[in-house]
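Worksheet: one structure, shown below.
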Protein chains: 2
Amino acid sequence: DYEPSFEIGKQKAKVCMTCHGEDGISTLDPYPNLRGQKVGYLISSLKDYKSRQRTSGLAILMQQQADALSEQDIKDIAYYFSVLGTKKEGE
Amino acid sequence: DYEPSFEIGKQKAKVCMTCHGEDGISTLDPYPNLRGQKVGYLISSLKDYKSRQRTSGLAILMQQQADALSEQDIKDIAYYFSVLGTKKEGE
């Protein structure tokens, strides 16, 4: 366990960018923008996919993604998107 | 049925603002920002709460909110937040 880092998060988040955009603005209307989203919400969302508490059509896609992530991966990726596009990005 | 309007959406969205912010930037970390979010994602999220396809702890709050909304309300509110903070807001 370590403090989340923007650069580590960015590396781990590459798989997310195809749908959610390199800048965190998603590429298609059914997919949410993640840029600057609240870190706590991003973490609970990924955990909810993993624990099958989100189960609608498109959730299947995210369940598979979330299954591949460790707790630490989830923290890092959530941190990355929460900071993206905000003042904290440059810190 | 009618074209969604920013002003109608704004009136219906007042109940959302306590948690999700008057400007669509939420007031607490567990709650997502909605400002400029994709309209399709917002619609499917509200429908998923309504149909109990989102079931984790905090989802209970949103299930109750979504139960009170008609299909048209969902469209109007989703349109409002999707446009908030974007160029389309002034149109």
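The values are calculated or read from the model by the stated rules, or taken from the named source; none is laboratory data. As the structure is a computational prediction, the values presented were derived from the model and not from experiment. Cβ sites come from the backbone with ideal geometry, for glycine too, and all protein chains shown count toward neighbours. In case anyone asks, the SASA skips ligands and DNA or RNA and just uses the protein heavy atoms, side chains included. Shrake-Rupley method; radii C 1.70, N 1.55, O 1.52, S 1.80 Å.
Brief remarks on what is shown
- Among the numbered conditions (1) within 24 Å of A:GLY36 (Cβ to Cβ); (2) buried (at least 20 other Cβ atoms within 10 Å of the Cβ), the only one that B:ASP76 does not meet is (1).
- Residue-level check: of (1) assigned to a loop (DSSP other than H, G, I, E, B); (2) open to solvent by 20 Å² or more (accessible area, probe 1.4 Å), A:GLN37 misses just (2).
- Selection status of A:ASP48, surrounded by fewer than 16 Cβ atoms within 10 Å (Cβ to Cβ) and touching a Lys or Arg at 6+ places or on another chain (Cβ under 8 Å): no
- Within the stretch B:1-23, the set of residues being within 14 Å of another protein chain (Cβ to nearest Cβ) and surrounded by fewer than 15 Cβ atoms within 10 Å (Cβ to Cβ) comprises just one member, B:ASP23.
- Any hit, the stretch A:24-33, residues being assigned to a helix (DSSP H, G or I), open to solvent by less than 40 Å² (accessible area, probe 1.4 Å) and either more than 14 Å from chain B (Cβ to nearest Cβ) or modelled with pLDDT of 95 or more (or both): no
- Within the stretch B:43-54, the residues that satisfy the criterion of being in a loop (DSSP other than H, G, I, E, B) and either touching an Asp or Glu at 6+ places or on another chain (Cβ under 8 Å) or more than 7 Å from chain A (Cβ to nearest Cβ) (or both) are B:SER51, B:ARG52.
- Filter result for A:LEU42 (within 23 Å of B:SER44 (Cα to Cα), open to solvent by 70 Å² or more (accessible area, probe 1.4 Å) and among the hydrophobic types (A, V, I, L, M, F, W, C)): no
- Checklist (1) open to solvent by less than 50 Å² (accessible area, probe 1.4 Å); (2) free of Cβ contacts under 8 Å to residues at least 24 places away in the same chain; (3) more than 23 Å from B:SER51 (Cα to Cα); (4) not basic (Lys, Arg) applied to A:ASP67, failing item: (1)
- The sole residue among A:ASP23, A:ASP76, A:ASP29 that is in contact with a helix residue (DSSP H, G or I) (Cβ under 8 Å, 6 or more places away or on another chain) and more than 24 Å from B:LEU46 (Cα to Cα) is A:ASP76.
- Selection within the stretch B:1-23: residues that are charged (D, E, K, R) and assigned to a loop (DSSP other than H, G, I, E, B). The member of this set that is farthest from the chain's Cα centre (by Cα) is B:ASP1.
- Taking each residue of the stretch A:31-49 that is closer than 13 Å to B:PRO30 by Cβ and looking for partners that are of a type in the set (D, E, K, R) and surrounded by fewer than 22 Cβ atoms within 10 Å (Cβ to Cβ) with beta-carbon atoms closer than 6 Å, six or more apart or interchain, yields A:LYS38/B:ASP29; A:GLY40/B:ASP29.
- Search result, residues across the stretch B:79-91 that are part of a helix (DSSP H, G or I) and open to solvent by less than 30 Å² (accessible area, probe 1.4 Å): B:TYR80, B:PHE81, B:SER82, B:VAL83
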